[in-house]
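Rule-based calculations on the coordinates, nothing more; no lab input. On a predicted model such as this, the values are computed, not experimentally measured, just so you know. In this analysis, Cβ positions are derived from the backbone assuming ideal geometry, glycine residues included, and neighbour counts consider all displayed protein chains.
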Amino acid sequence: MNNVTTEANRKPAKKTWKKPTISPVRSGIQSKFGATTHNQWKDNIDGVLIKDLIDNHGSPLFVISEKKLRDNMRRLKRVFKARYPDVLFGWSYKTNYLGAVCNVLHQEGSWAEVVSNFEYEKARSLGVPGDKIIFNGPYKTRHILVTAINENARIHIDHIDELYLIEDISNELNKDVKVTLRLNFDTGYTEPWSRFGFNVESGQALNAAWRITSSKHLKLTGLHSHIGTFILEPLAYSAQVRIMCEFMKTVEDKTACEIDYIDVGGGFASLNSLQGIYLPPEQVVPSIEQYADAITSVLLEYTEERVARGRPRPQLVLETGRAVVDDTEVLISSVFADKKLPDGRNAIVLDAGVNLLFTAFWYNHHVTPTRPLDGRAEETVLYGPLCMNIDVLRASIMLPPINVGDTLIFSPVGAYNNTQWLQFIEYRPNVLMIHEDQTVSVIREAEDLSVVTAQERLPEHLKKPFK
Ligand SMILES: Cc1ncc(COP(=O)(O)O)c(C=O)c1O
């Protein structure tokens, strides 16, 4: 009988042996790499497809949501005004001074808070009148101070030499000038930023107040302090306001001044992951309501006596930066190459690096794919395009295999990137704003060679590279 192989007598094929591997199961739980996010993805911003944005405007790309920006500002105002009606916001230009961003916030009622000649001029060029500018910073030169005084800006005096300079200008112009003292002190919660302003504990601030009130044209009408940034403890603000109110009472009692406003600066944390903080920002960052309660409860308590004497409470001024703008902007970057490092880790080269995302030095930004990624998540390093070893957007993140040409969204990136980014090795890309009706505007055009070399001048004998 022939040896016929039938379905019934077929021997199962011998399986090839595979070396077993053991790997930890990471299914979205918190690990030393942070929470895995690869199983979340997003293909649009405010309903506009990311693919269309990249097709039309290139990659990398910054994208800002006008709706989110307005919503954030409205919420901040609502929360504070509900607790303390006389509140004013100054938009901290250094956080993001793209004109479109500033003007959205000005339209929502914010004044401009500037810290340099350039920022002052930028605010004025956007149409902000001088008397809606709060002028901070340790380096205000005579030229810009003369302008600011003539235009009735709120000038916050940083040091004694500036006080003398302002006094000198006021005498020269024969003009009364309302000024604010910037204070520094120890809240017990934050590292004092004692390099700015006048120290309260040592008596320096009171001496400066005396000096102002003895001056012919200067009028002390405001107190300012900015106790730090990304402050995770609302009680730091309670301590700040208490110290400022006590100082206000002292200067009003001891000198012939009346304080009209107390400016508590910025510093509220945004929903970003500070490196070294284990828990996700949703768990560690206080709400705007918590910050507002901490500030206004103490301000109301300490100004009660003033109200009893028939005087209005001082205006509360806030210069909130990152908490307004950070989560309104994302950076979209494309995978340019895929690598295996000698130690076995995956690495990808992106078209955006620390030149664009300066805050990658201290944040672990959220990284979201723009399509669902299949496969096992593996430890991956995210490199930027620069030929510099420091160009690492993330030293370690769990990501499934990703293809060249795939896009990743980095968020939140709205604070301190479009101001601290570097024109270094690469051109800076387009910045888009998606408006509330889902139309899209380029609010800062991508650079090219002519932009980068615009200020250069070649001496005649250097016009040719070779003789
Ligand atoms: C004087 C002043 N006001 C406001 C801000 C904005 O701070 P933040 O972005 O932390 O709210 C800063 C930033 O350092 C500042 O120096």
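Around Gly47, with a cut-off of 12 angstrom between Cβ atoms, what is the net charge of the other residues, counting Lys and Arg +1 and Asp and Glu -1? It works out to a net charge of -3. Mind checking which aspartates and glutamates have their Cα closer than 20 Å to the Cα of Lys68? Skip sequence neighbours fewer than 8 apart in that chain. Answer for Lys68, where 20 Å is the Cα cut-off: Asp43, Asp46, Glu108, Glu282, Glu289, Glu319, Asp326, Asp327, Glu329, Glu436, Asp437, listed by chain and number. Ranked for footprinting exposure by Cβ neighbours inside 10 Å, fewest first, Asp437, Asp86 give Asp437, Asp86. Using a cut-off of 23 Å between Cα atoms, the listed pairs Lys67/Lys140; Lys132/Lys175; Lys132/Lys219; Lys219/Lys254 include Lys67/Lys140 as exceeding that distance.
Helical runs (DSSP H, four residues minimum) scored at -39500 (n - 2.57) apiece and divided by the length of the chain put the mean residue ellipticity at 222 nm at -8000 deg cm²/dmol.
Over all directions, the projected convex hull of the C-alpha atoms in the stretch 136-320 averages 11.3 nm² in area. Taking the Cβ of Thr190 as the centre, find all other residues whose Cβ is under 15 Å away and add up their charges (Lys, Arg: +1; Asp, Glu: -1). Neighbourhood net charge equals -2. Cut-off 16 Å, label point 7 angstrom out along Cα-to-Cβ of Asp338: give me the residues of the stretch 372-397 whose amide nitrogen falls inside. Backbone N within reach: 372-383. If you take the Cα centroid of the stretch 309-335 and the Cα centroid of the stretch 78-134, the two points sit 10 Å apart.
For the chain, the calculated P(r) over all alpha carbon pairs, in 10 Å bins from 0 to the bin holding the longest distance, is 4, 17, 24, 21, 15, 9, 4, 2, 1, 1, 1, 0, 0 percent. Between the Cα long axis of helix 204-213 and the first principal axis of the chain there is an angle of about 50°, rounded to the nearest 10. Applying 1/(1 + (r/R0)^6) with r as the Cβ-Cβ distance of Leu235 and Leu462 and R0 = 56 angstrom yields a FRET efficiency of 0.40.
In whole angstrom, note down how far apart the Cα centers of the stretch 358-391 and the stretch 430-456 are. So the separation of the two Cα centres works out to 24 Å. Calculated FRET efficiency, Trp17 to Ser287, Cβ-Cβ distance, R0 = 51 Å: about 0.35 to the nearest 0.05.
Using the Cβ atoms and a cut-off under 15 Å, what net charge is assigned to the surroundings of Gln423, where Lys and Arg are +1 and Asp and Glu are -1? Summing Lys and Arg as +1 and Asp and Glu as -1 gives -4. Against the longest alpha carbon principal axis of the chain, how many degrees, from 0 to 90 and to the nearest 10, is the axis of helix 66-83 turned? Compared with the principal axis, the helix lies near 50 degrees.
Between the helical axis of 235-254 and the longest alpha-carbon principal axis of the chain there is an angle of about 10 degrees. Annotation: for a label point projected 7 angstrom from Cα along Cα→Cβ of Glu201, residues of the stretch 208-246 with backbone N closer than 14 Å are 240, 243.
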